[in-house]
Each structure stands twice: as C-alpha cells, then as structure tokens.
Amino acid sequence: MGFFFSLSFWGISQEVQLSQLSRISVLTCGSGSDLYTTFGHSAFRVNDPSIGIDVVYNYGTFDFNPPEFYFEFAQGKLLYSLSRQKMDRFLSVYKYENRWVREQVLDLTLQQRQKLFWFLEVNNRPENRTYKYDFFYDNCASKIWDVLKEVYGEQLQLKEGYLKNLYTFRELIHQHLETNTWSAFGIDLALGSVIDKKASPKEHMFLPIYVMQQLEGAQLGEKPIAYTTKTLLQTLPTKKNGNFFLTPLFWLLIVLALVWIITFIDFKKDKRSRWLDFTLFFITGLAGCLIFYLWFLTDHTATIGNLNILWAFPLNLILSFILIRKKVPPKWLSAYLKILMGFLVLVIVFGLFKVQVFSPLLLPILLALGTRYFYVLLQLRNSRTF
C-alpha cells in the first residue's frame, strides 16, 4: 500500500523510549451527522503517563479546500494523511459532536509497543504521511489492520469466523444509512455493480465497527491481541427531526404525479408538452454522462459496472434538444425509444436477479420515464402533431 515504506526499524533514531506503564490502543468512534462522519472512525492511541505522552494517530485527516477538494474527490484522487493530536483534544471534538468513543487496549509487550510506536512516528513524517484514499480499501479503518499487519507480520492472525453473516459492500453501507435519504439515494446512483459482491471478513473492515469486532477475536502469536472494549464517551439521547417533505421519495412521487397528469392532459388534447420531454431527457442524459465519467474516466474502484446507465442514458442529452423542436422527427427515433423502454425492463430484471441492487426510490423514476417514452411513441404515429 502507498503509505508503507522500506525501513529497518533498528535504523530509526530512538529518541523516545516508552516505559512499562505505556499502552497502545485502538479507538473506534460512532457515526456523526455529516455524511463523511456517517460511517464512524478509527485511530490509534499511544499513552505513557510516565513520560507525558497521550496522543492519537489519525489516518482520517484530509484538507477540505474547495474547489480542489471536490475535483480530487470526483477524480478518485483524494489524498488523506496521518496526523497526530492530543487525546483530550480528540475526545473534546467527539463529545461536542455527540459521538461515542470506545477503546481497545492492545495486549503487547514493551518491545511490541515500541515497534508500533516507532512505525507510527516515522509514518507521521511529512514525506510518509500522505496516501491515496479509497473508501473501501484504503481508509482510516482499513489502515488499523494494515498497520498492525505491517508491524507484526505473520504473528497477527485474522479470525475468519468473527462474523456470523457476510454482507455485500452495498449492504454494509446501508447499515449506516436510512434508505429514504438523499445521501443513500445518491450513493446508490453513483456506485456500480462491483459493490454488490460479498465482502470477505477482512474487507468488512473498511467500516470501523468491524475493525472493533475483529480485534475482539484476532490473535497475536498465541494470545488475543486486545483486551476488553472500554467505553470512553457515550452518546446523549437526541430527537430525530425527520421531515418526509424533504426526502427524495416525496419529491420523486411529485415528479411522477406531474408526469402522469401532464401526459393525461396531452393525451386528451392530442399534443405533446415538448418542455417536459426536454427536461426528462436532458436530466437523465446529464446523469448518464456523470455515471459514464465516474465509471470510465476516474480512479474510483466502486463506480465500475454501474447499470444505472441503462435508465440514465448519456445519449438522452443529445436527444433532448431534438425533442424540444417542433419539427418532423428523425426516422430512427421510434427505434431509439423502444430500446430505452427495453433498458427500463432490463433494470427491473437485473434488480430482481441482484446483478446490481438499485435504490427502491428508483421506481417512481422508472414509471415516469416509461410513461413518457410510451406516449412519445404514440405521438410519433402522427408527425404533424409531434
């Protein structure tokens, strides 16, 4: 992995020696209200009261500097880095955000603690601390196991049976998201069929909660690597202010109702609302271009094979400008619309057979598009009114 380096531990300047009172632990933090905090957080803690050290090594640090941040994120080239901060400051942030924090002290000898401490110190140097972020394979949580494996090698053994059930990557994401939210809807639209495969026990550890569960059963040599989990911060009860009128389902149902009403009026008057067709084709075409971009033109690994491109078809963007004009339609338009209707059927079939799991919120969109595609086909029978 990118953040590792060729290094002989014995060649490091041993400026700080941990004492027998030292301990190193893994911190696991609960979800926050912002999207980037939804999945929790993991970090290392090094505490040695005899020499006045109590610091957190955090692989989840990033530079939020728009517009560069958004461009790098879209390209899949976002850089994260390791940072070090005092434990009391770390806890104060999570207390303010009302997020729980749990600690697992690692059962290490002094020599093993020193080796891990040196690794973190050297990795925190400016030339070593930066790495290319990947949500599933290289993040603050996956770093915990990767660091421990790099330091202790074959001594560290994964407990393969620590999970009763294995989940797909998409199922793991949805464990932390409510379906009828813009964040869950957007994630389901942007990520491809590659995340609908079962994750291995190790791959579950892109989520902090599974790192914590793994450490409860993992072995270092002949003994468990971690002691009992201890709670450092508890969350306080809060009221959820859910407003259905702000959810994607509400607005998608509004869109569906408008499409049905306008199409019914068009049918009665034997006309076609060109502005509606332009809007539907333009938006789905634009969405399709974004899906194509994320799939083929970025470094993202989770946006590959996105079958949402079947309903959000990129060529619709071009067709929208044809449909807005009151002219004789091109001869190929009828065949094109039939292909689009076939694509809608394929979305349903692929969803039923779980080739890709689509958001259930997609149903109003499919119904609206299917309705309008069928009506435009009917209108094509009389080019004078088209």
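Here are the numbers for this structure:
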read-out: Alpha-carbon Debye profile of region 75-218, log10 I(q)/I(0) at 0.14, 0.15 Å⁻¹; value: -0.86, -0.99
read-out: Hz values of 3J(HN,Hα) by residue in region 300-308 - Karplus curve (6.51, -1.76, 1.60), Gly and Pro given as x; value: 5, 9, 9, 9, 7, x, 7, 7, 4
read-out: Region 82-173: relative contact order in percent, alpha carbon pairs under 8 Å with at least 6 residues between; value: 27
read-out: Table column - 3J(HN,Hα) (Hz), region 217-222, Karplus curve with 6.51, -1.76, 1.60, x for Gly and Pro; value: x, 5, 10, 10, x, 9
read-out: Solvent exposure, largest accessible area first (probe 1.4 Å, DNA, RNA and ligands not counted), of V16, V376, V345; value: V345, V16, V376
read-out: Distant-in-sequence amide H partners of L156 (H built 1.01 Å from N, under 5 Å); value: G221
read-out: Relative contact order %, region 270-359, counting alpha carbon pairs below 8 Å whose residues are six or more apart; value: 32
read-out: Förster-model FRET efficiency, 56 Å R0, S92 and D270, C-beta, rounded to 0.05; value: 0.25
read-out: Accessible surface ranking that places the most exposed of K240, K164 first, with a 1.4 angstrom probe; value: K164, K240
read-out: Residue-level accessible surface for E178, protein heavy atoms, 1.4 Å, Å²; value: 110
read-out: Spatial separation of Cα centroids for region 147-172 and region 330-357, in angstrom; value: 39
read-out: ³J(HN,Hα), Karplus 6.51/-1.76/1.60, whole Hz, each residue of region 203-215, x for Gly, Pro; value: 5, 4, 7, 6, 9, x, 4, 7, 4, 4, 5, 5, 5
read-out: For region 31-82 versus region 94-121, the gap between their alpha-carbon centres in whole angstrom; value: 15
read-out: Rounded if a/c under 1.5, otherwise prolate or oblate - region 180-250, Cα gyration tensor axes; value: oblate
read-out: At 0.890 mPa s and 25 °C, Stokes diffusion of the chain via Kirkwood alpha-carbon radius, µm² per second; value: 102
read-out: Residue-count net charge about L378 - beta-carbon cut-off 11 Å; Lys, Arg +1, Asp, Glu -1; value: +1
read-out: For I261, solvent-accessible area (1.4 Å; no DNA, RNA or ligand), Å²; value: 100
read-out: Too-long pairs where the Cα-Cα distance tops 28 Å, listed order kept, from K132/K240; K95/K159; K77/K230; K95/K230; K331/K354; K149/K354; value: K132/K240; K95/K159; K77/K230; K331/K354; K149/K354
read-out: With DNA, RNA and ligands ignored, accessible area of R84 (1.4 Å probe; Å², nearest 10); value: 120
read-out: Within the accessible area of the chain (1.4 Å probe), percent carbon and sulfur; value: 62
read-out: The chain, relative contact order [Cα under 8 Å, separation at least 6], %; value: 17
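The values are calculated or read from the model by the stated rules, or taken from the named source; none is laboratory data. All figures in this text were calculated on a predicted structure; none of them were measured in a lab. Methodologically, a virtual Cβ is constructed for each residue, glycine included, from the backbone with ideal geometry; neighbour enumeration extends over all protein chains shown. All accessible areas refer to the heavy atoms of the entire protein, side chains included, with ligands and DNA or RNA removed. Shrake-Rupley method; radii C 1.70, N 1.55, O 1.52, S 1.80 Å.
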